[in-house]
Amino acid sequence: MVAAGSLLGACTTADRPDIVAHPNDKTALLPGASWIATAAVPVVDAFADPKDATPTDHLTNPDEYGTPLTFLVDTNDADGKWLPVMLPVRPNGTRAWIHASDVTLAQTQYRINVELTAHTLKVMSDDDVVLTTQVGVGKDSTPTPGGTYYIKELLEPPNPDTVYGPYVFGLSGFSNVLTSMNGDGQGVIGIHGNNDPSSIGQNVSHGCIRVPNDVITRMATFLPLGTPVDILE
């Protein structure tokens with residue numbers, strides 16, 4: 001994924017009028033919606049079990065790009081002192097428990113569905129298709145890993161005329177083959193634009209999902225951090 005870029009603050013849930021924010025109490029979830037948790041403290045401790053005395057992870061807020069630390073809540077019930085969340089760490093699919101008091105909550109009906117074999121990406125709002133496009137995906141030696149992830153950051157590369165295009169959504173998942181992409185030292189997978197339209201619809205990338213530049217530009221205007229991403233193999 002891109003190793004340098006600037007944070008786009010407009011991608012946070014606090015700046016989105018269509019994202020329903022609320023205090024950490026029992027609030028009805030909209031149809032098809034998911035809870036998003038945004039860190040409200042400098043460090044969020046993650047626990048394998050709420051009964052554990054020692055956390056398994058300490059996650060810093062904001063991240064290395066200055067992005068607010070964000071989690072996808074792994075339940076439809078956001079009530080209580082603890083929240084089960086997906087973590088943006090290896091291995092893919094890592095879940096943990098965090099203190100509800102360490103985050104603020106919001107919900108979104110947006111969801112991204114990617115079908116690798118069909119080379120398609122759809123943005124859904126509940127059951128409605130908001131956007132659909134062909135995409136480029138990982139090649140056989142560096143496949144795009146299937147699973148459920150979420151958008152953890154939105155970056156604007158300093159030069160839009162590269163393989164990353166004008167915008168990059170960093171996801172909470174990682175390549176199962178690479179431990180570094182373009183010097184990022186992590187092997188984070190992402191959804192981004194590109195400077196080669198012929199790569200769309202092909203298995204060409206190191207694991208990231210390539211979309212046309214006009215599509216990623218549109219997506220960057222309305223998808224918040226924490227948006228769930230389902231990648232189907």
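The values are calculated or read from the model by the stated rules, or taken from the named source; none is laboratory data. Just so it is clear, the model here is predicted, and its values are computed rather than measured. Positions of Cβ are backbone-derived with ideal geometry, glycine not excepted, and every protein chain shown enters the neighbour counts. SASA here: full protein model, heavy atoms, side chains in, ligands and nucleic acids out. Shrake-Rupley method; radii C 1.70, N 1.55, O 1.52, S 1.80 Å.
Values as computed for the structure displayed
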read-out: Subset tally (residues that are within 20 Å of residue 152 (Cβ to Cβ), at pLDDT 95 or above and open to solvent by 60 Å² or more (accessible area, probe 1.4 Å)) for the stretch 181-205; value: 0
read-out: Condition check for residue 104: in contact with a Ser or Thr (Cβ under 7 Å, 6 or more places away or on another chain) and over 24 Å from residue 218 (Cβ atoms); value: yes
read-out: Looking only at the stretch 139-153, and only at residues there that are in a loop (DSSP other than H, G, I, E, B) and out of contact with any Leu (no Cβ under 7 Å at 6 or more places or on another chain), the one that is least open to solvent (accessible area, probe 1.4 Å); value: 145
read-out: Test: residue in the stretch 158-166 that is over 19 Å from residue 196 (Cα atoms) and at pLDDT 95 or above; value: no
read-out: 2 or more residues surrounded by fewer than 14 Cβ atoms within 10 Å (Cβ to Cβ): qualifying strands (runs of 3 or more DSSP E) within the stretch 19-138; value: 57-60, 128-134
read-out: Leading residue by the ranking (nearest to the chain's Cα centre (by Cα)) among those in the stretch 121-141 that are of a type in the set (S, T, N, Q) and over 13 Å from residue 202 (Cβ atoms); value: 125
read-out: Residue within the stretch 160-177 that is under 25 Å from residue 87 (Cβ atoms), assigned to a loop (DSSP other than H, G, I, E, B), without any contact (Cβ under 8 Å) to a residue 60 or more places away in the chain and touching a strand residue (DSSP E or B) at 6+ places or on another chain (Cβ under 7 Å) present; value: yes
